[in-house]
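Here is the structure we will look at.
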Amino acid sequence: MCAICGCVGAAESSHQHHHAYDHSHDTARLIRVERDLLSKNNEYASLNRGRLRDNAVFALNLMSSPGAGKTTLLVRTVSDLMARWPIAVIEGDQQTSVDADRIRATGAPAVQINTGKGCHLDAHMVGHAIGDLLPEPRSLLFIENVGNLVCPAAFDLGEAHKVVVLSVTEGDDKPLKYPDMFAAADLMLLNKADLLPYIDFDLTACCAAALRVNPRLQVLILSARTGDGLEAWYAWIEGHAGQLPPPAVRLP
């Protein structure tokens, strides 16, 4: 169970109402475990980042809540860009290989990571997946994280950028409700924009809230279903990927 998401603390909080018990020791231990966990993860992330950089692989960590449409967006992105770039994908889900199967149907290689009860990918898992995929030099690597707007924000995977996908059907208050996710991201993709005429979603308020949390955040509005806005997304990817230095070594 993940200490980051607070699920352990929730059980302790319930217990606290029934007994006069000092939880300060438990809280201190939980903070220490969390710090050790993140420290170890960051070591693996640094190794991943070095391997990817040396091979000029541009890696993006796509995060969202379940149902935001990031798999649909990814399938379309892979299909549209694979003629111009070698592409590999790492899929994260608690169960099933459904999303990896959808990616493989495009012709791109994909590795499925099933986390079981885990609510996010970590850098150690991703390192093993990179070793299985061996992405080509000067290629794109998309990492689709487990659907969750909380825990994935805290875990560096070695990616070049974190990208948060927010569906307009989720509500315009999400950047304020889940600030860590939007603070950690470099880009916010507002997906399902084709539904804006039919729902109560304040686009201006949502963007303002996201920028209040993270003033450096870039925002793109698109629809994976209709294709509107995808060219700006592709231009963002290729513009950043093109800045990578030439590969130094082949991934072992």
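Evaluated over segment 7-241, the count of Lys pairs having alpha-carbon atoms less than 26 Å apart is 15 (only pairs 8 or more residues apart or interchain).
In this calculation the C-beta distance from Leu244 to Val219 is compared with R0 = 22 Å, giving a FRET efficiency of 0.40. Take the Cα of Asn114, step 7 Å along the line toward its Cβ, and report every residue of segment 143-165 whose backbone nitrogen sits under 20 Å from that point. So the set is 144-148.
Compute, for segment 84-159, the length of the dipole vector about the Cα centre, with Cβ point charges of +1 (Lys, Arg) and -1 (Asp, Glu) only. Units Debye, rounded to 20.
Numbers: 5 positive and 10 negative charges, 34 e Å.
In total the dipole reaches around 160 debye.
I'd like the FRET efficiency for Ser79 and Leu195, computed as 1/(1 + (r/R0)^6) with the beta carbon distance as r and R0 of 30 Å, rounded to 0.05. Don't skip to the answer; put the middle values down first.
Numbers: r = 22 Å, r/R0 = 0.73.
The computed FRET efficiency comes out at 0.85.
The residue list Gly229, His124, Met181 was ranked by how far each Cα lies along the charge dipole of segment 7-241 toward its positive end, using unit charges on Cβ atoms, and His124 comes out on top.
Quick one: grab the alpha carbon gyration tensor of segment 7-241, order the square roots of its eigenvalues as a ≥ b ≥ c, and give me rounded if a/c is under 1.5, else prolate or oblate depending on whether a/b is larger than b/c. In terms of gyration-tensor shape, oblate. For segment 186-227, just say rounded, prolate or oblate: build the C-alpha gyration tensor, square-root its eigenvalues into a ≥ b ≥ c, call rounded for a/c under 1.5, and beyond that prolate if a/b exceeds b/c, oblate if not. Oblate.
Please rank Leu244, Leu217, Leu222, fewest neighbouring Cβ atoms within 10 Å first, as an exposure proxy. Before the final figure, lay out each step's value.
Details: Leu244 16, Leu217 19, Leu222 23.
So the residues, fewest neighbours to most, are Leu244, Leu217, Leu222.
Pop the C-beta distance of Val98 and Asp132 into the FRET formula with R0 = 25 Å and round what comes out to the nearest 0.05.
Values: r = 19 Å, r/R0 = 0.75.
That pair, Val98 with Asp132, gives E of 0.85.
Read-outs: derived from the displayed coordinates by stated rules, not from any lab. Please read these numbers as outputs of a predicted model, since none were measured by experiment. Glycine also receives a Cβ, built like all others from the backbone with ideal geometry; neighbour counts cover every protein chain displayed.
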